Amino acid sequence: MEKIKMQNPIVEIDGDEMTRILWAMIKEELILPFVDLNTEYYDLCLPNRDATDDQVTVQAAEAIKHWHVGVKCATITPNLQRMEEYHLKKMWKSPNATIRAALDGTVFRAPILISKVKPVVSCWKKPITIARHAYGDIYKAVEYRVPGPGKAEMVFTDEGGKELSRQTIFDFKGPGVLQGMHNRDDSILSFARCCFTYALEVGQDVWFSSKDTISKDYDQTFKLLFQKVYEEEFLLVLPGNEEGEGEEARRRAASRLPVLIYNGQSADREMILKFTDSLPFPAFERYAVESSRTMMGLASLGEGWTVVPPGNIWQGRDYVPELWLHRIPGAPIVRPQYVIAKEGIYSRLAEDLASQFTEILEKEIRPRFSALNPILSDAIRQP
């Protein structure tokens, strides 16, 4: 059997202890018999990171930036015990943190579903994907072991040398420890875009969690930067090849074609059912589908119709030229976009953050929707 040829290499990052053995077995038994493997290799085992003063980690990150794809084995982030065990020069930082910071990446932890392996929680039928911000925070924290009594302060000085803020962290009466963390608005916004884009592509809801009742600036900034500032108006989606012109012809099509709904329980499914139940004519049949792309494809073939927000239509954008999109007459059905978190005290940031999201909406999202079909752009409304 001819092996699959790789046009470009991927970055292969070896790790520590058993992961090296497992990765070698995976390559030997599952990859090399079928793929003419082409990799750029970096060894991130702890002894090699120590020998290169962790430069091998930086080189691996740069290689991923160049080739865009990397496969990394698990690595050890040393603590005091590991430092003594491996006779290290210092307690090197997490290689994952170094690589993520270089890529400004978002980590999506998605489960691998295997029919023969049943989840412990039997009622879970669909995967839950965990997205976490891969920059800053604890991985880029600055720490200090306080030797004795004294005052710890947090000071911010602007680039012109002017001190803008000075806050007392704690008046130490004896030894202790300090930690300072940071993040950037542009990185958080990048994280938000990744989350929403990923959710649209895989058809999952987005849930946001923060502790802004305690972290009244740090976590609240994440919340406000994630907060969506627009509402999506649901649109009527009908086949575009129905005979006849005008709204009445489309209404007739809707009265005789099946309505397309989503499998399972979701807010969008309930909104579709609520709308169809309010119609003066019955929906004779209902076809349940897994994805918005399938829904748009069936509608384009004349196999049904539906009511969905613009974001869902975007997933099946290849079929839009074959569809007829129409605003729902009367009071529009809308889907507000919220980030749910406890109320905090960072209202002074809200206006600036809302402005940033509005700018993303106007400069990035709306033009793409408008190019596809102006009605999609018009259905996205700012409060």
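Structural remarks
- Hydrodynamic radius (Kirkwood) for the stretch 1-143, which is based on Cα pairs only, to one decimal in Å: 17.4
- Surrounding net charge for V107, when Lys and Arg each add one and Asp and Glu each subtract one, Cβ distance under 11 Å: +3
- Local electrostatic count, A51, Cβ distance below 13 Å [Lys/Arg +1, Asp/Glu -1]: -1
- Taking amide H atoms as placed 1.01 Å from N in the peptide plane, the amide H of V146 lies under 5 Å from those of G176, V177, L178, each 5 or more residues away in sequence or on another chain.
- Near the amide H of E40, within less than 5 Å, lie the amide hydrogens of I10, V11, E12, all on another chain or at least 5 residues away, with H placed in the peptide plane.
- Neighbour-limited loop hits for trypsin sites (Lys or Arg not before Pro), the stretch 91-122 (at most 12 other Cβ within 10 Å; DSSP other than H, G, I, E, B): K116
- The distance from the alpha carbon centre of the stretch 1-59 to that of the stretch 155-182 is 42 Å, rounded to a whole number.
- Model label points for V202 and N8, set 7 angstrom from Cα along the Cα-to-Cβ axis, are 2.3 nm apart.
- Candidate lysines for bridging to K216, where Cα separation is under 27 Å - those fewer than 8 sequence places away on the same chain excluded: K140, K151, K162, K173, K228, K342
- 3J(HN,Hα) along the stretch 88-104: 7, 5, 7, 7, 5, 6, 4, x, 4, 5, 4, 5, 5, 5, 5, 8, 6 Hz, from the Karplus curve 6.51 cos²θ - 1.76 cosθ + 1.60 with θ = phi - 60°, whole Hz, x for Gly and Pro.
- Bridgeable lysines around K125 (alpha carbons under 16 Å apart, same-chain partners fewer than 8 residues away excluded): K116.
- Chymotrypsin sites (Phe, Trp or Tyr not before Pro) within the stretch 108-203, DSSP loop, no more than 13 other Cβ atoms inside 10 Å: W124
Values quoted throughout were computed directly from the atomic coordinates according to the rules given, and no laboratory measurement underlies them. On a predicted model such as this, the values are computed, not experimentally measured, just so you know. Glycine also receives a Cβ, built like all others from the backbone with ideal geometry; neighbour counts cover every protein chain displayed.
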